[in-house]
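Please read the structure below before turning to the comments.
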Amino acid sequence: MNIILLGPPGAGKGTQARVLVEERGMVQLSTGDMLREAKDSGTEMGRVVADVMARGALVTDEIVIGLIREKLATVKANGFIFDGFPRTLAQADALGELLEAEGQTLDKVVEMRVDDTALVARITARSTCGMCGEVYNDETKPIPADGKCTNCGGTEFKRRADDNEDSLRTRLMEYYKQTSPLIGYYYAKDMLSRVDGLGTIDAVQAEIRTALDA
Ligand code: ADP
Ligand code: ZN
């Protein structure tokens, strides 16, 4: 089963994708993670996207479609979770074509709904483990007092360069302008399920499970 987690920045897509990876052996394809890796490893493409990402603007369709194309051609999986992709109608069309070329289908799109005030609060409180990517939140899931990641024992934690109020405002506006039309796009294809992204991690996961197994 191949699914998209759709929602604004901070909706919890990455957190929920990680649960699905653990429970169902699916593979998470996050274009945000891929772009950050390219940036950290200092590739040419990484240099091109670094500034765009720091501002909170969208990287070109060509770049992100290229990243997904390469993954779909090389990674074999019992199901993909697309996280942060597609973000434009052109990307959505491209994903449909790429999956078709691999003899695969897109099965479900889960829209995670969270209001803007909650998003800002979540994102400005967010940090991740530098080793395994486990997500922490100053308010709801603080880094343990011993300073060690509960998942892997790592002791370095990072905050994203674009998790500040200015970039966040841009990311939210990009979401409403470019990405939210995908809600209608997938609704019309009868693939859309909606979940309330404001609950606890477990409560949201339960709703997603229901949506996927329906
Ligand atoms: P968010 O928390 O905003 O959902 P992501 O980690 O998914 O963050 O993406 C971070 C940044 O990477 C975006 O603000 C954008 O600059 C870039 N990016 C990620 N995925 C895409 C995409 N599919 N199309 C264009 N740009 C993307
Ligand atoms: Zn860790």
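The values are calculated or read from the model by the stated rules, or taken from the named source; none is laboratory data. Keep in mind that what you see is a predicted model, and the values were worked out from it rather than measured. Don't worry about glycine lacking a Cβ; one is built from the backbone with ideal geometry, like all the others, and counts go over all protein chains shown.
This table checks each residue for (1) in contact with a helix residue (DSSP H, G or I) (Cβ under 7 Å, 6 or more places away or on another chain); (2) more than 16 Å from ligand 2 (Cβ to nearest atom); (3) more than 20 Å from residue 128 (Cα to Cα); (4) of a type in the set (Phe, Trp, Tyr).
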{"position": "26", "(1), (2), (3), (4)": "yes, yes, yes, no"}
{"position": "31", "(1), (2), (3), (4)": "yes, yes, no, no"}
{"position": "37", "(1), (2), (3), (4)": "no, yes, no, no"}
{"position": "56", "(1), (2), (3), (4)": "yes, yes, no, no"}
{"position": "61", "(1), (2), (3), (4)": "yes, yes, yes, no"}
{"position": "71", "(1), (2), (3), (4)": "no, yes, yes, no"}
{"position": "74", "(1), (2), (3), (4)": "no, yes, yes, no"}
{"position": "78", "(1), (2), (3), (4)": "no, yes, yes, no"}
{"position": "90", "(1), (2), (3), (4)": "yes, yes, yes, no"}
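Within segment 39-54, restricting attention to residues that are part of a helix (DSSP H, G or I) and without any contact (Cβ under 8 Å) to a residue 12 or more places away in the chain, the residue that is nearest to ligand 2 (Cβ to nearest atom) is 40.
Among residues of segment 121-150 being within 10 Å of ligand 2 (Cβ to nearest atom) and touching an Asp or Glu at 6+ places or on another chain (Cβ under 6 Å), the one that is modelled with the lowest pLDDT is 130.
Looking only at residues of segment 151-188 that are surrounded by fewer than 13 Cβ atoms within 10 Å (Cβ to Cβ), without any contact (Cβ under 8 Å) to a residue 24 or more places away in the chain and over 21 Å from the mean Cα position of the chain (by Cα), we find that the one that is nearest to ligand 2 (Cβ to nearest atom) is 153.
Residues that are in contact with a helix residue (DSSP H, G or I) (Cβ under 7 Å, 6 or more places away or on another chain) and either without any contact (Cβ under 8 Å) to a residue 60 or more places away in the chain or surrounded by 15 or more Cβ atoms within 10 Å (Cβ to Cβ) (or both) within segment 105-114 comprise 106, 108, 109, 110, 111, 112, listed in sequence order. Selection of first residues in segment 59-87 that are in contact (Cβ under 8 Å) with a residue 60 or more places away in the chain and of second residues that are away from ligand 1 (no atom under 11 Å from the Cβ) and part of a loop (DSSP other than H, G, I, E, B), restricted to Cβ pairs under 7 Å at least 6 apart or on distinct chains, gives the following pairs, ordered by first then second residue: 79/1; 79/2; 79/26; 80/2; 80/26; 81/26.
Let's see how each residue does on (1) away from ligand 1 (no atom under 16 Å from the Cβ); (2) in a loop (DSSP other than H, G, I, E, B); (3) out of contact with any helix residue (DSSP H, G or I) (no Cβ under 9 Å at 6 or more places or on another chain):
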residue: 85; (1), (2), (3): no, yes, no
residue: 103; (1), (2), (3): yes, yes, yes
residue: 131; (1), (2), (3): yes, yes, yes
residue: 139; (1), (2), (3): yes, yes, no
residue: 143; (1), (2), (3): yes, yes, yes
residue: 149; (1), (2), (3): yes, yes, yes
residue: 154; (1), (2), (3): yes, yes, yes
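Residue 59 fulfils the conditions (1) outside any loop (DSSP other than H, G, I, E, B); (2) within 30 Å of residue 137 (Cα to Cα); (3) over 14 Å from the mean Cα position of the chain (by Cα) except for a single criterion, (1).
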